[in-house]
Amino acid sequence: MMQYRRFLLFITPVLALLIFLVWQYRVADQAVVRIGVLHSLTGTMALSEAPLVDAVRLAVEETNETGGVNGAQIEMIVSDCRSDAGYCAEQAEKLIVQHKVQALFGCWTSACRKAVKTVVEKHHHLLFYPVQYEGLEQSPNIIYTGAAPNQQIIPMVSWAMQQHGRSAYLIGSDYVFPRTANSIVKKLLVVKGGQLVAERYVPLGEQNFDTIAGEIAAQPPDFVLNTLNGDSNLYFFRALRKAGIRPENIPVFSTSIAEAELAAIGPERVAGHYAAWNYFQSVDSIENRAFVERFRQRFGSRRVLDDPMEAAYIGVHLWVNALRSTGTTDINSLKIALGRQTLNAPEGIVAVDAETQHLWKPVRIGRAQADGQFDIVWQSGRSVAPAPFPFFIPHAERVVMAGGDK
């Protein structure tokens, strides 16, 4: 009996400790909701993509500070896509299968999105894609928080033709987005009686633009439409300056140059040229000023914000609001809830279009300034319905002609 009592005295604390550790593990496991973040931290796309990770992190931290989602804290798992679409798809698979993430946030290029699209559709999962793109796509497993063609490229080209003339030179990176976007632009040029001077493509990461700059100088168009992505933009604008091309004579309208790119390229090289986005850091609203202040308090007073960063940030909050409203991570319930989401975002009022899974968004055109910001020269004045399939050019034209202001 004495030995039995000694055994109990020994084993009881051990059992209690084991039970406590198992309970702690189960509670910790239940109290965490994991998300995967897929952006390039290395390679040619790192210049544009790396800042989006911080935007996602800010939204996650804000959510966790206000109680998380349904009693759980959000945990980020960040994967470097290495500027490689195929590798990014492999990482998406790993995040879903091994790490059991509840949603993916990421990609930049359309090649990357299309590669990851196959993965999320296979697993009946969810991707939040934060970058403007060429349209011609709709997936039940993707929420597109960036611009559709009628929310960026079509209004920008229409405004450029209004303000600067009808002849255009098209330069882009050689992959899905630039080629598809330019097919839309060429149709718009025909509709408006415009003229295509030339259409050129270079590989992602291209650094030699002397020949292209010389061609632009020799056959000057009224404006250049630039669909280059990544660090090629740095070398393109260097070549333009070297060739004596100035914005007052031949303005460049860019689809992928925002504040982060201005800071990296050197704003003095791009000042006077244009970009079209839904969000600029210079948007004058209470919501945006608070957003900029929170971001800079967290990541540094010299950091800048741009449209893809804001789109990445609001994607997290749309997902969080849907989770909170449903009380579940069930994908079907989340999709229904996401289709009802509206947000007073830094860019203005946005809402998920339940039919297309794209957002209603305001449209803006800005002129780059030497201080690294954009002066907003035109804006839609209201949120514009997404039209991801660009067989609507007359409608897109009305967006520009019927509304908008400085």
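Keeping to region 269-323, report how many residues are small (Gly, Ala, Ser) and within 30 Å of PRO251 (Cα to Cα).
8
Consider ARG303 carefully, then state whether it is within 26 Å of SER83 (Cβ to Cβ) and basic (Lys, Arg).
Answer is yes for this residue.
Among helices (runs of 4 or more DSSP H) lying entirely in region 215-320, which contain 3 or more residues that are free of Cβ contacts under 8 Å to residues at least 60 places away in the same chain and either more than 30 Å from GLY68 (Cβ to Cβ) or of a type in the set (Phe, Trp, Tyr) (or both)?
Where helices (runs of 4 or more DSSP H) fall fully within region 215-320 and carry at least 3 residues being free of Cβ contacts under 8 Å to residues at least 60 places away in the same chain and either more than 30 Å from GLY68 (Cβ to Cβ) or of a type in the set (Phe, Trp, Tyr) (or both), they are 232-242.
Give region 34-58 a look and list any residue that's within 20 Å of VAL116 (Cβ to Cβ) and hydrophobic (A, V, I, L, M, F, W, C), or say none.
The answer is ILE35, VAL37, LEU38, LEU41, MET45, ALA46, ALA50, LEU52, VAL53, ALA55, VAL56.
How many residues does region 154-180 hold that are out of contact with any Phe, Trp or Tyr (no Cβ under 9 Å at 6 or more places or on another chain) and of a type in the set (D, E, K, R)?
1
Does at least one position in region 348-365 carry a residue that is touching a Gly at 6+ places or on another chain (Cβ under 6 Å), on the phi < 0 side of the Ramachandran plot and not in a loop (DSSP other than H, G, I, E, B)?
Looking through region 348-365, at least one residue is touching a Gly at 6+ places or on another chain (Cβ under 6 Å), on the phi < 0 side of the Ramachandran plot and not in a loop (DSSP other than H, G, I, E, B).
Name the residues in region 121-143 that are buried (at least 22 other Cβ atoms within 10 Å of the Cβ) and within 21 Å of PHE389 (Cβ to Cβ), would you?
Across region 121-143, the qualifying residues are LEU127, PHE128, TYR129, PRO130, VAL131, GLN132, TYR133, GLU134, GLY135, ILE142, ILE143.
Mind listing whichever residues of region 313-357 are closer than 17 Å to ILE35 by Cβ and among the acidic types (Asp, Glu)?
Within region 313-357, ASP330 is the sole residue that qualifies.
Per-residue answers, yes or no, for (1) over 18 Å from the mean Cα position of the chain (by Cα); (2) modelled with pLDDT under 95; (3) buried (at least 18 other Cβ atoms within 10 Å of the Cβ); (4) over 25 Å from PHE177 (Cβ atoms):
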position	(1), (2), (3), (4)
PHE253	yes, no, yes, no
ALA263	no, yes, no, no
VAL270	yes, no, yes, no
ARG294	yes, no, no, yes
GLN297	yes, no, no, yes
LEU305	no, no, yes, no
PRO308	no, no, yes, no
ALA312	no, no, yes, no
LEU318	no, no, yes, no
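Restrict the check to region 77-100 and report whether at least one residue is under 18 Å from ARG324 (Cα atoms), surrounded by 17 or more Cβ atoms within 10 Å (Cβ to Cβ), in the same structural domain as HIS125 (by TED's automatic domain parsing) and modelled with pLDDT of 95 or more.
Scanning region 77-100, I find no residue that is under 18 Å from ARG324 (Cα atoms), surrounded by 17 or more Cβ atoms within 10 Å (Cβ to Cβ), in the same structural domain as HIS125 (by TED's automatic domain parsing) and modelled with pLDDT of 95 or more, so the answer is no.
Given the residues VAL377, VAL384, which is the only one that is over 24 Å from ILE143 (Cα atoms) and of a type in the set (A, V, I, L, M, F, W, C)?
Answer to the check: VAL377.
Report, by residue number, each residue of region 322-355 that is polar (S, T, N, Q) and surrounded by fewer than 19 Cβ atoms within 10 Å (Cβ to Cβ).
SER325, THR326, THR328, THR329, ASN332, SER333, THR342, ASN344 - these are the residues of region 322-355 that are polar (S, T, N, Q) and surrounded by fewer than 19 Cβ atoms within 10 Å (Cβ to Cβ).
Go through region 47-66 and give me each residue that's modelled with pLDDT of 95 or more and either hydrophobic (A, V, I, L, M, F, W, C) or on the phi > 0 side of the Ramachandran plot (or both).
Residues satisfying the conditions are ALA50, LEU52, VAL53, ALA55, VAL56, LEU58, ALA59, VAL60.
Quick check, is ALA258 within 26 Å of PRO362 (Cα to Cα) and buried (at least 19 other Cβ atoms within 10 Å of the Cβ)?
For ALA258, the condition - within 26 Å of PRO362 (Cα to Cα) and buried (at least 19 other Cβ atoms within 10 Å of the Cβ) - is met.
What number of residues within region 112-136 satisfy the criterion of being closer than 23 Å to GLU310 by Cβ and either within 16 Å of the chain's Cα centre (by Cα) or in the same structural domain as PRO390 (by TED's automatic domain parsing) (or both)?
Result for region 112-136: 14.
The values are calculated or read from the model by the stated rules, or taken from the named source; none is laboratory data. This is a predicted model, so every value here is computed, not measured. Please note: Cβ atoms are built from the backbone with ideal geometry, for glycine as well, and neighbour counts cover all protein chains shown.
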